[in-house]
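Report on one structure; see the data block that follows.
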Amino acid sequence: AGDQKRGANSANTMMDEAAAGLHRYVFLVYKQPGKKDFKLPKIPANHSKGRLKQKVRDYVSKMGLEELVAGNVFLAEYDDYMPQLYKSLLD
């Protein structure tokens with residue numbers, strides 16, 4: 001089994017500014033056939049470019065990942081702090 005502590009984060013999550021009510025976040029864990037250099041562009045927490053319209057199936061295929069081994073879902077809601085967060089975005 002791999003050591004997830006040695007993994008890398010390429011993009012922090014952010015809630016959609018237009019989200020109303022509860023918003024669903026899904027985390028999926030796929031088997032990775034050995035060490036890989038994904039060469040993904042890093043998306044800083046204060047940038048929005050490159051976050052939208054990503055398809056999991058395309059990403060899994062492109063990265064050569066194998067079967068889905070775990071998943072989790074949680075719900076979050078837009079709150080009064082979100083406008084402040086979006087003002088801090090650089091793009």
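Among the residues of the range 64-91, what is the count of those that are farther than 14 Å from VAL26 by Cα and in contact with a Lys or Arg (Cβ under 8 Å, 6 or more places away or on another chain)?
Here the count works out to 5.
In the list LEU52, LEU75, LEU28, which residue meets the criterion of being of a type in the set (A, V, I, L, M, F, W, C) and modelled with pLDDT under 75?
On the way: LEU75 fails: modelled with pLDDT under 75; LEU28 fails: modelled with pLDDT under 75.
LEU52 is the lone residue from the list that is of a type in the set (A, V, I, L, M, F, W, C) and modelled with pLDDT under 75.
Look through the range 55-70, keep the residues that are within 14 Å of GLN32 (Cβ to Cβ) and charged (D, E, K, R), and return whichever of them is surrounded by the fewest Cβ atoms within 10 Å (Cβ to Cβ).
Step by step, filter the range 55-70, then rank; the result is GLU67.
The values are calculated or read from the model by the stated rules, or taken from the named source; none is laboratory data. Keep in mind the model is a prediction, meaning the values are calculated, not measured. Glycine also receives a Cβ, built like all others from the backbone with ideal geometry; neighbour counts cover every protein chain displayed.
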